[in-house]
Amino acid sequence: MLSKNERKILRLIKYAPTLIVITLIVISSYLFFLDRQVHYEENINNLKESFIQDRKENVKYEVNRVYEYILYEKQNSEEKLKTSIKSRVDEAYEIMSFIYEKYKDTETKEQIKQRIQDSLRTFRFNDNRGYFYIYALDGVNILHPLKPELEGKNLINFQDKRGTFISKEIKKGFEKQDGLFFELYWNKPNDLQNQYRKITYNRVFKPYDWYVGTGEYVDEFEENLKEKILSYINIITYSRNGYVFVTHYDGRYLAHVKREYIGLNRINLRDKNGYEITKGIIKTAKKGEGFISYIGTIKPETKEPASKTTFVKGFQDWKWAIATGFYTDELEKELSFIEQKAKRENQEKILEILIVTLLLTIIFI
């Protein structure tokens with residue numbers, strides 16, 4: 001018969017392996033569970049980083065796309081200006097030639113000249129800024145719709161504000177070609193103090209040794225170009241809530257999804273945390289480019305303020321800050337969906353582990 005101690009040893013021998021197996025399985029399962037939990041949290045963090053990075057790349061792409069468009073239009077603006085005024089002068093030349101050919105055998109020279117003057121005097125274009133002038137090659141003004149008092153006067157020694165003899169230089173250029181572009185600097189009727197760069201195109205009309213021309217101030221042409229560009233930017237939208245806006249460095253909003261903001265100076269705009277939004281945008285633009293975060297004044301989808309991360313890029317030639325951003329609550333919504341999905345997958349894995357653990361425990365027992 002076994003002693004009491006011997007029975008204890010036998011029970012220990014009988015149950016110890018089972019207890020050891022169960023303990024090892026429980027510990028292994030717990031460690032596996034911890035590993036799954038760490039892996040789950042890492043996935044969520046990676047998803048957050050990936051979402052933010054994708055959105056940042058997206059808004060940066062949209063801003064750069066608009067920036068390149070503005071740069072292209074700016075760089076080609078003078079060529080467009082030249083094309084525009086040349087086509088106008090060619091039209092005037094065709095009118096002059098038509099009148100001359102039609103009446104040269106039936107009317108006097110003076111009558112034909114008068115017909116030409118009358119036909120071109122009332123022409124206006126480029127938002128009423130453009131007009132035609134006619135000069136004789138010897139410097140006598142034949143037609144000047146804005147200053148008719150100059151007609152009949154010899155302006156061969158007339159100089160622009162930088163001392164250029166305009167008629168002499170144009171006449172010299174006609175020695176090589178019948179049509180030429182010519183630049184000068186002059187004041188405007190509404191600003192007699194400052195000089196403005198003006199590009200003209202002139203073409204010889206040989207029957208009377210005249211030349212006809214027109215011109216355009218570069219800054220005025222550029223202002224029209226800016227309006228065209230801003231009109232285009234105002235209709236740009238992408239994704240569900242994406243839009244591009246433009247702010248001048250003085251604080252005026254030039255383009256925005258909310259049309260009532262356009263033209264307003266919002267230099268002192270702050271979000272609910274006190275961050276100066278417009279000043280932050282301008283400061284970033286002046287440095288070149290960068291991201292800023294704040295509470296946006298409006299989200300198109302909800303019409304309510306929302307946390308926003310914005311990419312800003314400066315167009316220094318025009319002192320424009322070009323920007324667009326994404327709303328971080330979209331991240332929260334997307335992550336909530338992803339987290340629910342990941343949580344379900346994690347729970348399913350844990351359930352699988354528990355079932356396998358239970359089966360292994362039964363088998364080992």
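The values are calculated or read from the model by the stated rules, or taken from the named source; none is laboratory data. Values in this document were obtained by computation on a predicted structure and should not be read as measured data. As a convention, Cβ positions derive from the backbone with ideal geometry for all residues, glycine included, and neighbour counts pool all protein chains shown. Accessible surface areas use protein heavy atoms only, side chains included; no ligands, DNA or RNA. Shrake-Rupley method; radii C 1.70, N 1.55, O 1.52, S 1.80 Å.
Surface composition of the stretch 192-246: carbon plus sulfur atoms contribute 46% of the solvent-accessible area (1.4 Å probe, protein chains only, all chains present). For the stretch 192-270, state which trypsin sites (Lys or Arg not before Pro) are in a DSSP loop and have at most 13 other beta carbons lying within 10 Å of their beta carbon. For trypsin sites (Lys or Arg not before Pro) across the stretch 192-270 that sit outside H, G, I, E and B with at most 13 neighbouring Cβ atoms in 10 Å, the list reads R240. The string of couplings for the stretch 62-74 from the Karplus curve (6.51, -1.76, 1.60, θ = phi - 60°) is 4, 5, 5, 5, 5, 4, 5, 5, 4, 4, 4, 4, 5 Hz, one whole number per residue in order, with x for Gly and Pro. Accessible surface calculations at 1.4 Å, restricted to protein heavy atoms, place the stretch 189-319 at 49 Å² per residue.
In order along the stretch 109-120, phi translates into HN-Hα couplings of 4, 5, 5, 5, 4, 5, 4, 4, 4, 5, 5, 9 Hz, rounded to whole numbers, per the Karplus curve 6.51 cos²θ - 1.76 cosθ + 1.60 with θ = phi - 60° and x for Gly and Pro. Among rounded, prolate and oblate, which fits the stretch 199-304 when a ≥ b ≥ c are the square roots of the eigenvalues of its C-alpha gyration tensor, a/c under 1.5 means rounded, and a/b larger than b/c means prolate? Since a/c reaches 1.5 and a/b is larger than b/c, the shape of the stretch 199-304 is classed as prolate. List, in the order given, every pair from K161/K206; K86/K286; K228/K313; K60/K258 whose Cα-Cα distance in the structure shown is over 26 Å. Pairs exceeding 26 Å: K161/K206; K86/K286.
Taking a straight Cα-Cα cut-off under 13 Å and skipping sequence neighbours fewer than 8 places away in the same chain, the aspartates and glutamates within cross-link reach of K198 are E78, D160, E183, E216, D219, E220, E222. I need the calculated FRET efficiency for the pair K109 and L264, taking r as the beta carbon distance and R₀ as 51 Å, to the nearest 0.05. According to the calculation, E is roughly 0.30.
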